[in-house]
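Novice: The structure that follows is given in the form of structure tokens.
Nothing in this text is a laboratory measurement; each read-out follows from the coordinates by a stated rule. Because the structure is predicted, anything quoted here is derived from the model rather than measured. All Cβ positions, even for glycine, are placed from backbone atoms using ideal geometry, and neighbour counts span all protein chains on display.
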Ligand SMILES: Nc1ncnc2c1ncn2[C@@H]1O[C@H](COP(=O)(O)OP(=O)(O)OP(=O)(O)O)[C@@H](O)[C@H]1O
Ligand SMILES: [Mg+2]
């Protein structure tokens, strides 16, 4: 069944490990940035989706539904190729970041909306009756509690963001882990070895992020 | 002075307050009793502007609560309110629960705020719980924390909405004692309560609410001793 | 509204791409669900001490980008001389990926059946198999079906990645048209609309089921 005329050359592939680690950092960087941007937008979307104004609700709902009902790769293509129709040309890095942030925002908005509903209205009343403004109450009382309820799903979204960064290669991204591995592959043709190492690195990144998230949760949510 | 004049309030079609008139003078303690759904809580939330009213007016020290020009956030600093559900902020320590509004609303430094907070918390007997999170407190302790949180803003008026109803019978006493202490210090208070003994001991006047109407208001001796309104008589015979 | 050079033929080309997307999804979900149910039952009825190797492999499938998995399996089958077509490779990879996701769905659903219910069933003299088919399965189905629908839709969307192996599914078909017609926004909007029309109603159905079943509990 296994008729190998192919010789695995792990040592040769491992020589590229430092380059790949640099790529892993870029991967992590994009994932983190996209998550931060995504969270910020998601909070706005979550609030807008339950707004009483249709002109806030409609675009927010559209964003969420498009993000959830089309492929992430499609969203990245939109940022990279689609915007070209308007004369906007994003670099692969920016397009990838924009695409993933768009996706993160859509999914997290739903997560946050669910979390917001889990926080009793009386918390807002208590804040308001102490003389805090509406925005102040939201920022100081509701939002911190929302983040706690939504923490685990947000962590999962972070892992998805890492996985999504690998899609950058399809729009010419060359500096993240997949991009670098793909370039090395084009030069050396050690496809299996290179991508196997990349797989291990992705796995380690994902696990590290999960662990880090647990530490953060442990530090942050003492109550 | 809190002046309530002909206040009508409804939720959609449901009329909850049907022309309430009540004036509470400085230093006075007024208790409100009455059956479930008679509009007691609603009146309190209208007084501090959490709920709009349909007609009539409520004035606090000559400021009309529901006037468009009124800065409600500013007005609310004068009026503390404590709810039946303690509404502790679960993500903040006991100390931070109390300092939050001092810092963010009154703009105090953390040190100033903590000084006041510690004093208030000690006042209600929570001086040893400063760093604890509310989930570690008993209901009575949470409720006393909520009282300290409201008092820290140095309000001129305090509104209490059945602050003992969600408590174990054993913990009711400690919270009522705190309220009594406040009354003795001369705080102007409106207390919605189911504790008739408390209403009798502390209040200058007791009001009886029935289906959105203030059916009767009188000094406690009179209201409990010789209630005039048939509904008051019915209610009191049931709770005794 | 749009002045486009796109013809009916081009649209048919995209729809054929959508057909490929659906076809790959169907195969992957069918295979992946069967595997996933088996794995899920194993994972939830045997001790973790025994099933950890399986758990580990499934965890890898969920933590490594699909694109990397596709390339890896594709190059491995070439090395091993299996001669798989890109289509076969795609189906295998997506099916395994689906299996990893379905395993978690099944496990979560089975764990959601209270132990007391199962003990009651066993104490009525039901065998293990009866317990599984009569009690656990119907209850777990209610919990698991909405999540399974989400997994299916997720796989449908993720199947766009097989374009990297040269398969002309919906997104790749659109890209080809974009290159030819130079109307990226319009063509991608059409592609997005097709994805949306497939995904949105099913997602809604899943939400409705979830809500209805939760209310009944
Ligand atoms: N936010 C609201 N929306 C709609 N109806 C409300 C709202 N709040 C209160 N109500 C209704 O208004 C009526 C009066 O409620 P309120 O809470 O003031 O009664 P209460 O006298 O405080 O009763 P309890 O002793 O049970 O606390 C009730 O019929 C209640 O259902
Ligand atoms: Mg009430």
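Novice: Over the stretch B:100-240, how many percent of alpha carbon pairs lie in each 10 Å bin up to the one with the longest distance?
Specialist: Pairs per bin, as whole percents: 10, 36, 30, 16, 7, 1.
Novice: Ratio of Rg to Rh for the protein assembly as shown, alpha carbon only, Kirkwood?
Specialist: On the way: Rg = 32.2 Å, Rh = 29.6 Å.
Dividing the radius of gyration by the Kirkwood radius yields 1.09.
Novice: Report, to the nearest 10°, how far helix A:191-220 tilts away from the longest principal axis of the Cα atoms in chain A, using its own Cα long axis and a range of 0 to 90°.
Specialist: Tilt of helix A:191-220: around 30 degrees.
Novice: Follow-up question, since we're still on this one. When the convex hull of the C-alpha atoms of the stretch A:10-220 is computed, what volume per residue in Å³ does it have?
Specialist: Taking only Cα atoms, the stretch A:10-220 has a hull volume of 132 Å³ per residue.
Novice: Still on this structure, please answer the following. Please report Rg (one decimal) and Dmax (integer) in Å for the Cα set of the stretch C:95-164.
Specialist: Cα-based Rg and Dmax for the stretch C:95-164 come out at 15.7, 55 Å.
Novice: Obtain the nm distance between the two label points defined at residue C:115 and residue A:44 by a simple spin-label model: each point lies 7 Å from its Cα along the Cα-to-C-beta direction.
Specialist: Placing both labels 7 Å along Cα→Cβ, they lie 4.8 nm apart.
Novice: Related question: Output the direction-averaged projected area (hull surface divided by four) of the convex hull of the alpha-carbon atoms of the stretch A:116-202, in nm².
Specialist: 8.1 nm²
Novice: Also, quick follow-up: With viscosity set to 0.692 mPa s at 37 °C, what whole-number translational diffusion coefficient in µm²/s follows for chain C from Stokes-Einstein and a Kirkwood radius over Cα pairs? Can you show the working numbers first?
Specialist: Values: Rh = 19.5 Å.
In µm²/s, the coefficient rounds to 169.
Novice: Is the C-alpha gyration tensor of the stretch C:130-200 telling us rounded, prolate or oblate? Criteria: a/c under 1.5 is rounded; beyond that, a/b larger than b/c is prolate, otherwise oblate.
Specialist: prolate
Novice: May I pose another question? Quick one: Debye curve from the C-alpha atoms of the stretch A:1-96, no solvent, what's log10 I(q)/I(0) at q = 0.11, 0.14, 0.20, 0.22 Å⁻¹?
Specialist: For the stretch A:1-96 at q = 0.11, 0.14, 0.20, 0.22 Å⁻¹, log10 I(q)/I(0) is -0.57, -0.77, -1.11, -1.19.
Novice: Further, regarding this structure: Divide by every residue of the protein assembly as shown the summed helix terms, -39500 (n - 2.57) for each DSSP H run of at least 4, and state the resulting mean residue ellipticity at 222 nm, rounded to the nearest 500 deg cm²/dmol.
Specialist: Using -39500 (n - 2.57) per qualifying helix, the result is -20500 deg cm²/dmol.
Novice: Moving to a separate point now. May I ask for the angle, rounded to the nearest 10°, between helix C:86-111 and the longest principal axis of chain C, with both axes built from Cα atoms and the value confined to 0 to 90°?
Specialist: 30 degrees
Novice: Pop the C-beta distance of residue C:54 and residue A:88 into the FRET formula with R0 = 41 Å and round what comes out to the nearest 0.05.
Specialist: Working: r = 47 Å, r/R0 = 1.15.
Efficiency, from the Cβ-Cβ distance: 0.30.
Novice: Hey, what D do you get for the stretch B:2-239 in µm²/s if you plug the Kirkwood alpha-carbon radius into Stokes-Einstein at 37 °C and 0.692 mPa s?
Specialist: 179 µm²/s
Novice: Using the Kirkwood radius over C-alpha pairs as Rh, can you work out the diffusion coefficient of the stretch B:1-141 via Stokes-Einstein at 25 °C, viscosity 0.890 mPa s, in µm² per second?
Specialist: Roughly 142 µm²/s, to the nearest whole number.
Novice: Would you order C:56, B:160 from fewest to most other beta-carbon atoms within 10 Å of each residue's own beta-carbon?
Specialist: C:56, B:160
Novice: Hey, another quick one. Counting other C-beta atoms within 10 Å, which of A:74, A:151, A:86 has the fewest, and how do the rest follow?
Specialist: The fewest-first ordering by Cβ neighbours comes to A:86, A:151, A:74.
Novice: Could you check which residue among B:104, B:119, B:180 shows the biggest mean-square fluctuation in a GNM of chain B with a 10 Å Cα cutoff?
Specialist: In the Gaussian network model the winner is B:104.
Novice: How much of the DSSP beta bridge set in the protein assembly as shown is antiparallel, as a percent to the nearest 5?
Specialist: On the way: 20 of 38 bridges.
Roughly 55 percent of the beta bridges in the protein assembly as shown run antiparallel, per DSSP.
Novice: How high is the FRET efficiency from residue A:53 to residue B:136, r the C-beta distance, R0 35 Å, rounded to 0.05?
Specialist: After rounding, the FRET efficiency stands at 0.30.
Novice: How big is the stretch C:94-217 by Rg and Dmax over its Cα atoms, in Å?
Specialist: Spelled out, the Cα radius of gyration and Dmax of the stretch C:94-217 are 20.5, 70 Å.
Novice: Also: Within 10 Å of each Cβ in B:95-101, how many Cβ atoms from other chains are there, averaged over the peptide?
Specialist: 2
Novice: Hey, another quick one. Could you calculate the FRET efficiency of residue B:13 with residue B:170 from 1/(1 + (r/R0)^6), where r is the beta carbon distance between them and R0 is 45 Å, rounded to 0.05?
Specialist: 0.60
Novice: Further, regarding this structure: GNM, chain B, Cα, under 10 Å: largest mean-square fluctuation among B:52, B:230, B:155?
Specialist: B:230
Novice: Evaluate the stretch C:1-104: find the radius of gyration of its Cα atoms, find its Kirkwood radius, and give the ratio Rg to Rh. List each step's numbers first, then the result.
Specialist: Working: Rg = 18.1 Å, Rh = 15.8 Å.
Using Cα coordinates only, the ratio equals 1.15.
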